[in-house]
1. So what are the ³J(HN,Hα) numbers for region 37-44, from phi and the Karplus equation (6.51, -1.76, 1.60; θ = phi - 60°), rounded to whole Hz, Gly and Pro as x?
2. Give me the distance between the Cα centres of region 91-135 and region 42-77, rounded to whole Å.
3. Grab the other residues whose beta carbon is less than 11 angstrom from that of A138, score K and R as +1, D and E as -1, and report the net.
4. List, in order, the whole-Hz ³J(HN,Hα) value for each residue of region 85-98 obtained from phi through the Karplus relation with A = 6.51, B = -1.76, C = 1.60 and θ = phi - 60°; use x for Gly and Pro.
5. What residues qualify as long-range amide H neighbours of V82, i.e. H under 5 Å apart, gap of 5 or more or another chain, H built at 1.01 Å from N?
6. Quick query: amide H of I136 versus all other amide H atoms, modeled in the peptide plane; which residues come in under 5 Å with a sequence gap of 5 or more or a different chain?
7. From Cα pairs below 8 angstrom and at least 6 apart in sequence, can you work out the relative contact order of region 57-134, rounded to a whole percent?
8. Counting other C-beta atoms within 10 Å, and keeping those with at most 13, which DSSP coil GluC sites (Glu not before Pro) do you find in region 47-81?
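Laboratory data are not the source of any read-out in this text; all were calculated from the coordinates shown. Bear in mind the structure is a predicted one, so any value in this text is a computation, not a measurement. Ideal geometry is used to build each Cβ from the backbone, glycine not excepted, and the neighbour counts take in all protein chains shown.
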Amino acid sequence: MSIDTQARPTGEPVVGTRMTGRSRTIAEADLVGFAGLTGDWHPQHVDSEWAGASMFGERVAHGMAILSYSIGLIDFDPERVVALRGLDGVRFKRPVPIGETISVEAVVREVREIDADLALVGFGWTVRTAAGETAIKASVQVLWRRDESEPPDEADPDPDPDMERTEEGDYLLYPGGLLL
């Protein structure tokens, strides 16, 4: 695996801002490791002979592995990004074989205030091959801790209907019931 570093996004998110992540070269160990973690031992990923006779002509990475790796390639500030909130519209556009290098571009598409402390930030997410071909497209949403100096936006008085606070001030996320 090789990883190239990029600058960490900081400050308040602004619609239209583009972020470029690190790159990562996919290795055989990535396929075997992901198969072991998930139990997905489909021969397209782990059997060279079987995969060689397939429509792709070689072993390719699990699409979910590439999507998972891509989330870690954007160097989000852990003081800002509280949690991954959702993935929508995921499309696997082309296979990623062993030895391919992937990179990520994220574009801020939406910033919606939840309260004075948090915003829901939606990104257009594109995973590309070294040749610039699109491997995956998705929408990714994160909970973003707002700048303490940033006044709350009164334009959206209705907070996200899928979120509510417990008496302790923690957020419950629905559906799925994740307690932060």
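1. For region 37-44, the Karplus curve yields 5, 9, x, 8, 9, 3, x, 4 Hz.
2. If we compute the Cα centre of each part, the gap is 17 Å.
3. +2
4. 9, x, 10, 9, x, 5, 10, 8, 8, 7, x, 10, x, 4
5. When sequence neighbours closer than 5 places are left aside, the close amide H contacts are L143, W144, R145.
6. K93, V127
7. Numbers: 78 pairs, mean separation 23.5, N = 78.
About 30 percent, as a whole number.
8. E58, E79
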